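What follows draws every value from the coordinates through simple rules; no lab data is involved. This structure is a prediction, so every number in the text was calculated from the model and none was measured. As a convention, Cβ positions derive from the backbone with ideal geometry for all residues, glycine included, and neighbour counts pool all protein chains shown.
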Amino acid sequence: MKYSETSQAGQDGDGDVDVITDLKEFIRSENARNSKSLAEEIRRHNDERMTALETSLSFALTTNETLAKRLGEVEQRAQQADKNYRHQAERLAVMEEQLDQLQQREMHGWLVFSGPATARVPRSSRGEDTARQLRDLIQSLMNYDLDMSQIGEVQRDERQIRVHFTTVAAGSDRFFLVRNKTRLRGTGLYIRERLTPFRQWLFNELMKLKRNSLISTVFTREGTVFVVTSQHDRPRPVRSEAALERLWRHLAEQSANQRIEASHSPPPKPFDARSLERYYGAVHGATTTLKRLGYEGDLQSCENLRRLLSKLPVDMRKAWAEHSLGLVRPTLLEFDQWLRLQLRIQLSCEAAAPAPSQQKRTAGMFLTTKTTSASDANDVPPLLVDPARFSSWSKYRRVLTWIYRFINNAREPDKKTCGSLTAQELLQSEHRIIRQDQKAVKLAPQPGLSLYEDDQGLLRAPRHRGLPAQLGLSDF
């Protein structure tokens, strides 16, 4: 009984081992099959993804090629459109220029009269009456009689009178008025040619430059606008916006040249007002041009200010350093104002000091001892010309004589004096200079010396050898 139970237990143990072995084998086989199927599934998914990626890349490449081809076509069309636009713009500009020329040709015989003097002609008058009253106005201002047969049409508004002349040839009334319109300066009557809207716009733009002192003058001649950039420059026509743009570039280059001139100008000498005046002229010209052209960056440039300051003497640089302590950011405009003040101070100091020529003697016995007070000097009228600017007495006397002759001729046109200077004129100028110099001083009492006034109003001293040596005598 015990043996059978033991045998039965051994059989049961062997059966469990077989089951476990079978289970392990089953798990192993299932794992291998699942791994194989999983690898195949992964491989299949990877192949599908690669196929989809290749398809996408192929489509993208095809799309890029198509887009590149279309982009090239668009660029070609854009270039062609730009070329056509430029061609059409050139044709339009030519057509506008031709139309402007036709309009100006129609306005060629017109003149515009404006100014305060036109108020003398009533606004309610008819065209014929306006023409007659305008003729009377021209007669009174220019001493010229207009031919009424040359006046074709007259238009009047609140500000101006437009007159159409039937002839514009040389010798006609219109030709005379255009050539002699400068004679009307100061009369309140202004004459100008009638311009097309485009040419009037060009004229107005150039007038803005003139008011800002960027150009010398602007005028019209036979309907064409001319500009003179400087006093020594010849008139140049301005017929288009491109010409106006070129003028702006020329002014910009001029401002750059002025900046270079200011930075390379000779430095002022210490206590020399004349060299400081020349230096200030260069700095002020460059600063003014930069301001009117709107170059704020150059005006606020620290490097430009440093270059200009390096030219000044040491004492002036110290004065600028003290002045700039209260400034947030010094600019060329503030430096220009400060330099102007320093120039005025030096000029005042130089004017207060006696000139070297006033320490010499001459053969004449005209007393001009420099003991004047400030109150007496203020009562004397200033000299017409500063004598310190002349190297010799004869040159100063001749220049002053020419000035007095011009004044006398202007005061009495019927008694004009022409030709070379006479000895009488030179003597009168000499007396004026001496008389004014003597009035500007207060004569100190001189022991043993009696003064008398001659018939020309000059103070004289009798000639004798005992004249005190310390008595100051001027060149005059």
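Taking Lys and Arg as +1 and Asp and Glu as -1, the other residues whose beta-carbon sits under 13 Å from that of V178 total +4.
In this simple spin-label approximation, A39 and E277 carry label points 7 Å from Cα along the Cα→Cβ vector, and these lie 10.8 nm apart. The string of couplings for region 408-423 from the Karplus curve (6.51, -1.76, 1.60, θ = phi - 60°) is 5, 5, 6, 6, 10, x, 6, 10, 6, 10, 10, x, 6, 5, 9, 5 Hz, one whole number per residue in order, with x for Gly and Pro.
The modelled label-to-label distance for the pair E222/V385, using points 7 Å beyond Cα in the direction of Cβ, is 4.3 nm. Evaluated with a Cβ-only charge set (Lys, Arg +1; Asp, Glu -1), region 164-285 carries a dipole of roughly 340 debye about its Cα centre, given to the nearest 20.
At full extension, A52 and K415 could sit 119.3 nm farther apart than now, given 0.36 nm per residue minus the alpha carbon distance. Look at H87, H250 and count the other Cβ atoms within 10 Å of each Cβ; fewest to most, that gives H87, H250.
In this structure the amide hydrogen of T166, modeled in the peptide plane, comes within under 5 Å of the amide hydrogens of I151, G152, none closer than 5 places in sequence on its chain. Excluding same-chain neighbours fewer than eight residues apart, the aspartates and glutamates reachable from K210 by a Cα-Cα span under 20 Å are E193, D233, E241, E245, E253.
Simple spin-label estimate for V74 and F26 gives 6.9 nm between the two label positions (7 Å along the Cα-to-Cβ direction from each Cα).
Extension gain, S310 to R91: 0.36 nm times the residue separation minus the Cα-Cα distance gives 73.4 nm.
With 31 Å as the limit on Cα-Cα distance, the pairs of K318/K439; K311/K439; K181/K416; K311/K395; K395/K439 that go past it are K318/K439; K311/K439; K311/K395.
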